[in-house]
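Please treat every number below as a calculation from the coordinates, not as lab data. The shown structure was predicted, so the numbers you read here are calculated from the model rather than taken from an experiment. Every residue, glycine among them, receives a Cβ derived from its backbone with ideal geometry; neighbour counts consider all protein chains shown.
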Amino acid sequence: MGRIALIGLEFYGRHGVKPEEGALGARFLVDVELEVAFEGKGDRLEATVDYAEVHRLVAEVVTSERFYLIEALADTLADKLIQTFPKIESLTVRVHKPHAPLQGVFRDVYAEVSRNRADI
């Protein structure tokens, strides 16, 4: 099994519980790790997952939909990716909210979800 990783995809979205998060928006980062059986399948895009299309789907969801929880955003992304790309055997999605409205010093807040095709 091979792995394709898209790390640090950055988007502007309007996610969060607080009204000002919906009104003002913020920067969100998304990591997507895909397990795909591409070894020995040749040098053809059809043998794997087109990560440009993965990026397009993630961008569309993050920038056009509104979620109160980054957990719900990560869950939706995982569901849509595994449904859209049949070659994905399993995946992990992380949604980072580096500017979460917390008091104090912190580097990052993120929600992570994993899916396995065998379990759906």
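Based on this model, can you work out whether Ala52 counts as surrounded by fewer than 15 Cβ atoms within 10 Å (Cβ to Cβ) and either within 20 Å of Gly2 (Cβ to Cβ) or without any contact (Cβ under 8 Å) to a residue 24 or more places away in the chain (or both)? Step through it out loud before you land on a result.
Working: surrounded by fewer than 15 Cβ atoms within 10 Å (Cβ to Cβ): yes; either within 20 Å of Gly2 (Cβ to Cβ) or without any contact (Cβ under 8 Å) to a residue 24 or more places away in the chain (or both): yes.
Considered against the rule, which asks whether it is surrounded by fewer than 15 Cβ atoms within 10 Å (Cβ to Cβ) and either within 20 Å of Gly2 (Cβ to Cβ) or without any contact (Cβ under 8 Å) to a residue 24 or more places away in the chain (or both), Ala52 comes out as yes.
Val32: among the aliphatic types (A, V, I, L, M) and within 17 Å of Ile88 (Cα to Cα), yes or no? Don't jump to the end; show me each part of the working.
On the way: among the aliphatic types (A, V, I, L, M): yes; within 17 Å of Ile88 (Cα to Cα): yes.
So Val32 fits the description; yes.
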Fill in: Qualifying helices (runs of 4 or more DSSP H) (wholly inside region 1-110; at least 2 residues being more than 14 Å from the chain's Cα centre (by Cα))
19-24
Worksheet item: Taking region 66-110, which residues are aromatic (Phe, Trp, Tyr) and either closer than 22 Å to Ala23 by Cα or free of Cβ contacts under 8 Å to residues at least 12 places away in the same chain (or both)?
Response: Phe67, Tyr68, Phe106, Tyr110
Response to the item:
How many residues of region 15-25 are surrounded by 17 or more Cβ atoms within 10 Å (Cβ to Cβ) and over 18 Å from Asp79 (Cβ atoms)? The answer is 2
Fill in: Criterion violated by Asp43 - all others in (1) out of contact with any Gly (no Cβ under 9 Å at 6 or more places or on another chain); (2) surrounded by fewer than 18 Cβ atoms within 10 Å (Cβ to Cβ); (3) within 20 Å of Arg115 (Cα to Cα) satisfied
(3)
